[in-house]
Amino acid sequence: VARNRGEVEFHQAVHEVLESLDPVIAKHPHYAEGALLERLVEPERQIMFRVPWVDDAGQVHVNRGFRIEFNSALGPYKGGLRFHPSVNAGIIKFLGFEQIFKNALTAQGIGGGKGGSDFDPHGRSDAEVMRFCQSFMTELARHIGPSTDVPAGDIGVGGREIGYMFGQYKRLRNSYDAGVLTGKGLAWGGSLVRTEATGYGAVLFAQSMLSTKGESLEGKKVIVSGAGNVAIYAIEKAQQLGATPITFSDSSGYVVDEAGVDLELLKQVKEVERGRVADYVERRPGARLVTGGSVWDVPGDVALPCATQNELDGDAAATLLRGGCGVVSEGANMPSTPEAVEAFQKAGILFGPGKAANAGGVATSALEMEQNAGRTRWDFATAEAKLTGIMADIHDSCVAAAEEYGRPGDYVLGANAAGFTRVADVMIAHGIV
Ligand code: NDP
């Protein structure tokens with residue numbers, strides 16, 4: 001804690017993982033040798049840089065850029081870029097740390113990394129976003145590469161931003177290295193299903209958890225937070241599996257649509273118009289916008305937090321449980337606070353932690369890298385079948401690890417133990433590096 005002062009989210013993430021590892025180390029004490037745990041929590045490299053850019057009025061702004069290259073035991077660093085005003089070194093570090101285990105769970109040969117900037121894309125013109133992305137990539141380009149570090153999107157970074165960054169990378173390197181970024185457009189090396197993958201994966205994970213109790217999502221009422229990439233495609237897959245998502249949210253409030261979310265309208269508002277959730281309510285009779293309180297006040301059978309870290313606290317968890325919620329699958333990274341996780345586990349409901357439940361996005365990014373390396377492109381059905389198989393394998397690895405270490409049904413322990421042992425075994429094989 002003293003070495004990483006003020007990095008509260010990083011402390012939270014490390015604490016959760018190390019606590020889960022107690023039974024693993026007790027059974028296999030060699031994992032604590034060679035300062036393996038100390039090496040695991042220390043990033044291999046952390047880069048911070050100035051990002052100057054000019055707005056449409058000619059004013060100069062200076063943002064801060066970050067890239068954390070946390071662990072390359074299993075492959076090139078892999079993890080998204082987040083553009084949000086809350087971004088700081090501690091947030092990028094927690095995300096990078098989580099990414100190590102998430103990527104290990106996918107079994108795909110990708111190390112852990114993360115990056116971003118405190119730039120806020122909200123309300124910025126396309127030209128401003130482009131100039132920012134070009135400036136950001138001008139520095140980042142020297143640190144990344146298809147076999148070194150492969151960034152992708154996250155909050156505030158979607159297809160538009162990846163496009164501007166790829167254009168600048170290509171220009172700087174005079175090389176069409178499609179595999180240097182994932183989340184690309186379909187016409188220039190992107191993979192079908194990458195856009196849908198994280199949301200789809202979180203719902204598939206919920207379905208797998210329910211299947212252990214002989215249940216399914218069919219007929220269930222689903223509470224979703226967020227209205228971005230993950231939330232939209234979680235809603236889509238939940239609808240395909242016969243469930244009824246009735247909420248979504250952004251930082252201006254949450255929407256309740258008891259008739260079930262009109263997905264086409266939501267996509268039009270958020271993906272095409274880049275509008276706010278209030279714009280949906282204006283065009284949807286029966287839907288209401290709530291600007292106070294929290295989306296977790298709405299009763300439902302399944303909760304899918306898909307916005308941001310620590311958006312679901314102990315009080316919200318208690319409210320959800322009172323409302324009859326029996327399944328939580330985290331589409332976002334670390335959306336539940338430790339108090340919320342404890343409440344879910346005490347109540348014995350199905351709780352899928354983000355590093356397992358939202359791994360479908362990075363897994364499909366690795367599939368994108370595979371297609372780029374082979375200069376090929378799979379159809380939607382092929383890519384989706386691979387994603388479905390990977391999510392089922394992640395679920396089963398978590399179940400098996402939880403059983404092995406004496407806590408059946410504990411997906412937090414299962415995900416941490418299964419991810420950790422994969423990384424740790426390779427770190428041991430590589431020696432003290
Ligand atoms: P988007 O930028 O597409 O959407 C984020 C959504 O969450 C927006 O509706 C945004 O509202 C809301 N939100 C973000 N920050 C806050 C905040 N501080 N308070 C309230 N609402 C907030 O991002 P994604 O959908 O890609 O990412 C969502 C989560 O999923 C993140 O935790 C991300 O790390 C995680 N994730 C994403 C993956 C991906 O493939 N995209 C992969 C794995 C995890 P507003 O617009 O008002 O800010």
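The values are calculated or read from the model by the stated rules, or taken from the named source; none is laboratory data. All of these numbers come straight from a predicted model, not from anything done at the bench. Because the Cβ atoms are built from the backbone with ideal geometry, glycine has one as well, and the counts that use them run over all protein chains shown. Just the protein is used for accessible areas: all its heavy atoms, side chains included, with ligands, DNA and RNA removed. Shrake-Rupley method; radii C 1.70, N 1.55, O 1.52, S 1.80 Å.
Some values worked out for this structure:
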item: GNM flexibility winner over the chain from Gly80, Gly226, Gly109 (Cα, springs under 10 Å); result: Gly109
item: Magnitude of the charge dipole, the chain, Cβ model with Lys/Arg +1 and Asp/Glu -1, debye to 20; result: 1040 debye
item: Quarter of Cα convex hull surface for the stretch 315-433, i.e. mean projection, nm²; result: 9.9 nm²
item: Highest-MSF residue in the chain out of Asn416, Asn372, Asn229 [GNM, Cα springs under 10 Å]; result: Asn372
item: Under 29 Å from the Cα of Lys221 - lysines, other chains or at least 8 residues apart; result: Lys102, Lys213, Lys237, Lys267, Lys270, Lys346, Lys355, Lys386
item: From phi via Karplus (6.51, -1.76, 1.60), per-residue ³J(HN,Hα) for the stretch 366-383 in Hz, x at Gly/Pro; result: 5, 5, 5, 4, 5, 5, 4, 5, x, 6, 9, 9, 8, 7, 4, 4, 5, 5
item: Sequence-distant residues sharing a close amide H with Val157 (under 5 Å, placed H); result: Phe83
item: At R0 = 25 Å, FRET efficiency that the Cβ-Cβ distance of Leu18 and Gln46 yields, to 0.05; result: 0.80
item: Burial order of peptide ranges 10-17, 134-141, 177-184 (average beta-carbon count within 10 Å, highest first); result: 177-184, 134-141, 10-17
item: Listed peptides 24-35, 89-100 by packing density, highest first (mean Cβ within 10 Å); result: 89-100, 24-35
item: Cα centroid separation - the stretch 180-240 against the stretch 43-71, whole Å; result: 30 Å
item: Cα-based Rg and Dmax for the chain, where Dmax is the largest Cα-Cα distance (Å); result: 20.6, 62
item: Global geometry of the stretch 181-334, whether rounded, prolate or oblate, following the gyration tensor of its Cα atoms and the 1.5 cut on a/c; result: oblate
item: All-pairs Cα distance distribution in the stretch 216-271, expressed in whole percent, bin size 5 Å; result: 4, 22, 35, 26, 9, 3, 0
item: In Hz, Karplus ³J(HN,Hα) per residue of the stretch 268-281 (6.51, -1.76, 1.60; θ = phi - 60°; x = Gly, Pro); result: 4, 5, 8, 8, 8, 8, 6, x, 10, 5, 4, 5, 5, 5
item: Amide H within-cut-off set for Ala73, under 5 Å, with H built and near neighbours excluded; result: Gly112
item: Heavy atoms of Ile432 accessible to a 1.4 Å probe, total area in Å² rounded to 10; result: 130 Å²
item: Against the rule of thumb 2.2 N^0.38 Å, how large the Cα Rg of the stretch 1-46 comes out; result: 1.25
item: Proportion of all alpha-carbon pairs of the stretch 116-170 beyond 16 Å (%); result: 36 percent
item: With every protein chain in place, the chain: carbon and sulfur % of accessible area (1.4 Å); result: 50 percent
item: Mean Cβ neighbour count within 10 Å, used as a protection proxy, ranking 323-330, 308-315 highest first; result: 323-330, 308-315
item: Whole-Hz couplings from phi, Karplus 6.51/-1.76/1.60, listed for the stretch 413-427; x for Gly and Pro; result: 4, x, 5, 5, 5, 5, x, 4, 5, 5, 6, 4, 4, 6, 4
item: Global geometry of the stretch 298-346, whether rounded, prolate or oblate, following the gyration tensor of its Cα atoms and the 1.5 cut on a/c; result: oblate
item: Rel. contact order, % - alpha carbon contacts under 8 angstrom, at least six apart, the chain; result: 16 percent
item: Spatial separation of Cα centroids for the stretch 372-424 and the stretch 101-147, in angstrom; result: 24 Å
item: Rg(Cα) / (2.2 N^0.38 Å) computed for the stretch 6-108, rounded to two decimals; result: 1.32
item: Ellipticity estimate at 222 nm from DSSP helix runs (n ≥ 4, -39,500 (n - 2.57)) divided over the chain, nearest 500; result: -14000 deg cm²/dmol
item: Long-range HN-HN contacts of Asn63 with modeled amide H, under 5 Å; result: Val51, Trp53
item: Selected from Arg82, Arg407, Arg322 as most flexible by GNM, with the chain as the system and alpha-carbon contacts under 10 Å; result: Arg322
item: Test item: Cα-centred dipole of the stretch 292-341, Lys/Arg +1 and Asp/Glu -1 on Cβ, debye; result: 80 debye
